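Novice: I'd like to ask you about the structure that follows.
The values are calculated or read from the model by the stated rules, or taken from the named source; none is laboratory data. Note that this is a predicted model, so its numbers are computed, not measured. Cβ placement follows ideal geometry from the backbone for every residue including glycine, while neighbour counts extend to all protein chains displayed. For accessibility, only protein heavy atoms count, side chains too; no ligands or nucleic acids. Shrake-Rupley method; radii C 1.70, N 1.55, O 1.52, S 1.80 Å.
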Amino acid sequence: MRAVRSAADDAARLIAALIVNVKEKKRQRQKDWQQAEAKWQQRLSTDLDASIGKLTYNDAFTIYGQPQVTIMKHVEMIAIYQNGRLKFRRFPMSNHALLSCFPHGSRLELTFNATTKLVSWKYTEW
């Protein structure tokens with residue numbers, strides 16, 4: 001009986017250690033992703049700040065591709081690049097079949113003047 005109890009305790013400790021290890025790896029991957037994202041946003045900010053007055057609409061088209069929306073006004077043009085998706089989360093206290101959707105994504109808005117030179121930009125996440 002003691003041998004069975006000892007084996008069960010060892011198995012429980014091993015499983016607990018594996019769970020801790022998996023959680024730590026997941027936390028580290030998320031931290032690495034957040035650091036890479038912050039680095040990318042800093043580079044984007046630096047590049048766009050340096051491009052004000054120099055970057056043309058055609059250059060933006062070449063660099064970022066075709067915008068999802070282009071708004072043309074009399075004195076300005078706004079190019080909008082948007083990326084969105086749904087993230088699903090399961091709540092442990094609720095029904096396991098029940099998932100909640102959380103929309104998240106990003107939007108880059110480039111504003112050009114009448115001569116199609118970059119005047120301002122705005123990047124948002126939700």
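Novice: Does M72 qualify as being over 25 Å from the mean Cα position of the chain (by Cα), of a type in the set (A, V, I, L, M, F, W, C) and open to solvent by less than 70 Å² (accessible area, probe 1.4 Å)?
Specialist: The answer is no for M72.
Here is a yes/no grid of residues against (1) part of a strand (DSSP E or B); (2) open to solvent by less than 100 Å² (accessible area, probe 1.4 Å):
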{"residue": "R43", "(1), (2)": "no, no"}
{"residue": "I63", "(1), (2)": "no, no"}
{"residue": "P67", "(1), (2)": "no, yes"}
{"residue": "M77", "(1), (2)": "yes, yes"}
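Novice: With (1) under 16 Å from W121 (Cβ atoms); (2) among the basic types (K, R); (3) surrounded by 10 or more Cβ atoms within 10 Å (Cβ to Cβ) as the list, and K31 as the residue in question, which single condition is left unmet?
Specialist: Unmet condition: (1).
Novice: Can you name the number of the only condition in (1) in contact (Cβ under 8 Å) with a residue 24 or more places away in the chain; (2) open to solvent by less than 80 Å² (accessible area, probe 1.4 Å) that A50 fails?
Specialist: That leaves (1) as the condition not met.
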